[in-house]
1. When the residues of the range 1-28 are filtered to those that are farther than 30 Å from H146 by Cβ and not hydrophobic (A, V, I, L, M, F, W, C), which remaining residue is surrounded by the fewest Cβ atoms within 10 Å (Cβ to Cβ)?
2. For the range 96-107, which positions are assigned to a helix (DSSP H, G or I) and either at pLDDT 85 or above or of a type in the set (D, E, K, R) (or both)?
3. State yes or no: is A31 surrounded by 14 or more Cβ atoms within 10 Å (Cβ to Cβ), small (G, A, S) and within 30 Å of L148 (Cβ to Cβ)?
4. Mind checking which residues of the range 1-53 are modelled with pLDDT of 85 or more, among the hydrophobic types (A, V, I, L, M, F, W, C) and more than 20 Å from N63 (Cα to Cα)?
5. What's the total number of residues in the range 128-175 that are surrounded by fewer than 17 Cβ atoms within 10 Å (Cβ to Cβ), hydroxyl-bearing (S, T, Y) and closer than 14 Å to V115 by Cα?
Amino acid sequence: MMPSPLPAQPNQSLMEGMEVLLALARRGESAGVRELARELGMTPTRLQRYIATLAHLGFARQNADRRYESGPGIHALSAITLSASGLAQRALTILPELADLGVIVALGVLWRKSVSYLYFSQPGTTLSQSLGRASDYPAWDSVIGHVLMAQQSDAWIAQNFAPQLSQLMPCIRTVRHCGFARIPRENGEVSLGIPVGSPA
């Protein structure tokens, strides 16, 4: 599914607020206002307004050190989304069986220029260790990224992956032809990716 084009009059405040929310959610630790402001290229005053609003809504919370971290709203949104889409229920009936084969098994989504993993299992890890375990990974070097990019237009790929385009497009054309992605690794291993669902 192609991302929607930017509207003629985008809501800049909404976009910046989402950037603050995502930056906070990605962190494994709390952050101060100035630290987040530097990271996002905002003034501390502007960032403070966004994060205070997110805290009011429950998507952020301030700890005893007056630093901010993700609030329960993030987890509620995640649970509601996975439940409503049916993705988690369907995936968890299949993925653990694949993990029993002794290989790495992953489920991810393409967002912006990265694959975000919902499930990442290495041999010997339990189901609870595999859920939401891995961080974002560059889409251009991921079989999941290749499979999901193949669903996008060439123009979208060129706009988002210009530095990797000459190496990437032959792979994307192969995925479109074969229906799956394959990347041989230097250590002799091979990564395979297939699309799941519609849209993938």
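The values are calculated or read from the model by the stated rules, or taken from the named source; none is laboratory data. Here the structure is a predicted model, which is why all the values come from computation and not from measurement. Heads up, the Cβs are rebuilt from the backbone with ideal geometry, glycines too, and the neighbour counts pull from every protein chain shown.
1. Q9
2. Of everything in the range 96-107, those that are assigned to a helix (DSSP H, G or I) and either at pLDDT 85 or above or of a type in the set (D, E, K, R) (or both) turn out to be E97, L98.
3. For A31, the condition - surrounded by 14 or more Cβ atoms within 10 Å (Cβ to Cβ), small (G, A, S) and within 30 Å of L148 (Cβ to Cβ) - is met.
4. L14, M15, M18, L40, M42, listed by residue number.
5. 1
Quick grid of which residues meet (1) under 20 Å from V20 (Cα atoms); (2) among the polar types (S, T, N, Q):
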position	(1), (2)
G71	yes, no
A76	yes, no
R90	no, no
T93	no, yes
S128	no, yes
